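The values are calculated or read from the model by the stated rules, or taken from the named source; none is laboratory data. Owing to the predicted nature of the structure, the values given are computational and were not obtained by experimental measurement. With ideal geometry, Cβ positions are generated from the backbone for all residues, glycine too; neighbour counts draw on all protein chains shown. Surface accessibility is based on the protein's heavy atoms, side chains included, excluding ligands, DNA and RNA. Shrake-Rupley method; radii C 1.70, N 1.55, O 1.52, S 1.80 Å.
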Amino acid sequence: MDAPLTAAALDLGGATDVVGAVAAVLAGLVAGLFLTFSVVVMPALAPLPAAVGVATMRSVNRVIITPLFLVPFLGTGVLGVLLAITGPWPRVLGAALYLLGVFVVTGVRNVPWNTELDALEPGTAEAAEYWPGYLRRWTAWNHVRTVASTGAAVAFVVG
């Protein structure tokens, strides 16, 4: 009869500790990026004329999709799943915080609003009407992503 799969059986000489450390650093980088948006980028865009804010945010949404963003953003999720399978409860919590508070929130909130914003032409009445609500909603849910990714980083360290 095969032994049950346990964290100790999958430890591989401390490899899960290394994975936990890498996941913590990556989650921290993501948290820092989200925090920057919450406390600098979005507040800086808010007082600008809607046409400028819309055009700038559309540009930001295009420029951010690079390996320098995607590796920490996606890598934390992948490592979090591995840690949830092999790690103690704090790492399971970290994975849950990251997957739900970052991946799910990004996929069901921030990205759809970015897509809607991208469909608008800066300088139009429609874009000007959409912009204030976008700023408010997008930033509020970005705060959630900031807290979730920070919590995940802490949980990966504690685990």
Practice prompt. State whether one or more residues within region 93-101 are part of a helix (DSSP H, G or I), free of Cβ contacts under 8 Å to residues at least 12 places away in the same chain and surrounded by fewer than 16 Cβ atoms within 10 Å (Cβ to Cβ).
Written response: no
Practice prompt. From 46, 15, 9, grab the single residue that is modelled with pLDDT under 95, of a type outside the set (Val, Ile, Thr) and open to solvent by 50 Å² or more (accessible area, probe 1.4 Å).
Written response: 9
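Condition check ((1) hydroxyl-bearing (Ser, Thr, Tyr); (2) surrounded by fewer than 19 Cβ atoms within 10 Å (Cβ to Cβ)) across all residues:
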site: 112; (1), (2): no, yes
site: 115; (1), (2): yes, yes
site: 126; (1), (2): no, yes
site: 133; (1), (2): no, yes
site: 136; (1), (2): no, yes
site: 146; (1), (2): yes, no
site: 149; (1), (2): yes, no
Discussion item. Criterion first (aliphatic (A, V, I, L, M), assigned to a helix (DSSP H, G or I) and open to solvent by less than 30 Å² (accessible area, probe 1.4 Å)) does residue 60 satisfy it?
Written reply: no
